[in-house]
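Values quoted throughout were computed directly from the atomic coordinates according to the rules given, and no laboratory measurement underlies them. These numbers come from a predicted model, not from an experiment.
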């Protein structure tokens, strides 16, 4: 399927694109919790090491000598750098250096970056309905972040750490558009576990180098707001297992298939469900009752998805 011929949304495609934001919302919540116990780049490295180990029994053949993977190493190096090392590292850094509110607000710009990257590098047109969908979707995110009180957004102040999340959003947009190229060998493309394992293997090369640099940095000039070693506990182990299985393997599998079906621009609007899901998760875990503004936010975000995905 070409990038200009995305299929209309079906219930199965909607399901594929809803599950990743749900799991990524959980990732943001537990990632913020883990920030006090483990350095961010190390956390990302351990997450993907576990995912790599879990994927090996499913698709270990792709790493054997003679595998078609080695002829496509440049593509998987780029995909791994963007999605495994780049996006996740930047997101965890953002959770260390900025508030959850700021990080969520910056992440809500994802549909805009999807349209911009598609227009500049993939010759994808930006349609009026997509712009309208972006406005509606961003409005829904604003309702969640402000708790229905716009004065909260007016009082918001961005900090330098928000640049990490801005870079993460741009990185994810580039990665999502590259998924539409389908330049990898068919044997790997048609095996979701092999496709993800190939990205993980190459991504861990760069992630390992970045983790080494992080520990060097922590030993020379440790920042005040970051742990200088890992504080192991059963809770941290459970968090690592969750982010390796849910936000990594399951979410990436669903996202890749969903992007192939709906296209990166439409898929990008689903990412704005993440702050809504995160708010609802926090409400449940803290014993708070969901408010009316949650329903309003859901309506606006879904309206943005529906408007942006309408056929011309």
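Segment residue 220..residue 150, full-extension length gain: 20.9 nm, with 0.36 nm per residue of separation and the alpha-carbon distance subtracted.
Helices in the chain, meaning DSSP H runs of at least 4 residues, each add -39500 (n - 2.57). Divided by all residues, the mean residue ellipticity at 222 nm is -22000 deg cm²/dmol. Per residue, the convex hull spanned by the Cα atoms of the chain measures out at 137 cubic angstrom.
From Cα pairs below 8 angstrom and at least 6 apart in sequence, can you work out the relative contact order of segment 11-309, rounded to a whole percent? List each step's numbers first, then the result.
Working: 414 pairs, mean separation 125.7, N = 299.
42 percent.
Using a Gaussian network model of the chain in which every pair of alpha carbons under 10 angstrom is joined by a spring, one finds that among 266, 126, 106 the greatest mean-square fluctuation is at 126.
Calculate how large, on average over all directions, the projected area of the Cα convex hull of segment 130-259 is; give the answer in nm² to one decimal. Mind showing how you got there, number by number?
On the way: hull surface 46.9 nm².
Directional mean of the projected Cα hull area for segment 130-259 stands at 11.7 nm².
Note the full-extension length gain between residue 299 and residue 116 as 0.36 nm times their separation in residues minus their Cα-Cα distance, in nm to one decimal. Can you show the working numbers first?
On the way: separation 183, 0.36 × 183 = 65.88 nm, distance 2.50 nm.
Taking residue 299 through residue 116 to full extension adds about 63.4 nm, to one decimal.
The Cα center of segment 38-82 and the Cα center of segment 198-258 differ in position by 13 Å. Which of 188, 84, 220 moves the most in a Gaussian network model of the chain with Cα springs under 10 Å? With Cα springs under 10 Å in the chain, the top fluctuation among 188, 84, 220 is at 220.
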